[in-house]
1. If you filter the stretch 1-52 for trypsin sites (Lys or Arg not before Pro), then keep DSSP loop positions with at most 16 other Cβ within 10 Å, what is left?
2. Using Cα-only point scatterers and the Debye equation, what is log10 of I(q)/I(0) for the chain at each q in 0.09, 0.11, 0.16, 0.17 Å⁻¹, rounded to two decimals?
3. Given a 10 angstrom Cα cut-off, can you work out which residue in 30, 141, 92 is the most mobile in a GNM of the chain?
4. Note down the net charge around residue 131, summing +1 for each Lys or Arg and -1 for each Asp or Glu among other residues with Cβ under 13 Å from its Cβ.
5. Between 143, 156, 54, which gets the highest mean-square fluctuation from a Gaussian network model of the chain, Cα cutoff 10 Å?
6. So how do 97, 147 line up by other beta-carbon neighbours within 10 Å, fewest first?
7. Just need the relative contact order of the chain here, percent rounded to a whole number, with Cα pairs under 8 Å and 6+ apart.
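What follows is calculated from the coordinates using simple rules that are stated; it is not laboratory data. Everything quoted here is computed from the prediction, not taken from an experiment. Glycine gets a Cβ as well: all are built from the backbone with ideal geometry, and neighbour counts include every protein chain shown.
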Amino acid sequence: MDTLPAFCRARVVILGVGNMLFGDDGFGPEVVDSLTRHYHIPDDIYLMDVGTGARKLLFTIIVGASLVPARPEEIIIVDAVDWGQGNGKVFEIPVESLPVTKVDDFSLHQVPTSNMLRELQDECGVTVTVVACDVGVIPQEIAPGLSPAIAHAVIAASKQIADRFGWPPTAP
């Protein structure tokens, strides 16, 4: 079991999804960075900026879960979306509410492959939560850096996740 990647053995896996080069699409990776810098994260929690490469990691967890009993109890996907909720609004999306038509790809400011998340939850018994921030339209050309509204949302989402697990902040 020690040969499994650490993310397969963690109790909770938090994945920051997004591309930092395309403005507010960097929300997910920024939340992971914020959690790492500002909170005491227990050893059984695995945080990772996966950029736009969440599919391979999710696939590894699914395959690992079918081979050995070790698997995360919960996976939290943190991502930027355009769902018309209002720029900077942080909210949770149940896996059941993810678009069914998005089954084979990953594109900017959409959640990772929904069929994989459903399989993790339904077939592997892993609780899956998507913590999303509505960012509106993502720039079509390279434009690093978050807008002020999304930078504020990073703080709010980080606090929401930390409070959920009872993680204390690090000293200022």
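1. Of the trypsin sites (Lys or Arg not before Pro), the ones in loops of the stretch 1-52 whose Cβ has at most 16 other Cβ atoms within 10 Å are 11.
2. One equal scatterer on each Cα of the chain leads to -0.28, -0.42, -0.90, -1.02.
3. Answer for the Gaussian network model of the chain: 141.
4. So the surrounding residues net to -3.
5. Highest fluctuation among the options: 143.
6. Lowest count first: 97, 147.
7. Rounded, it is 32 percent for the chain.
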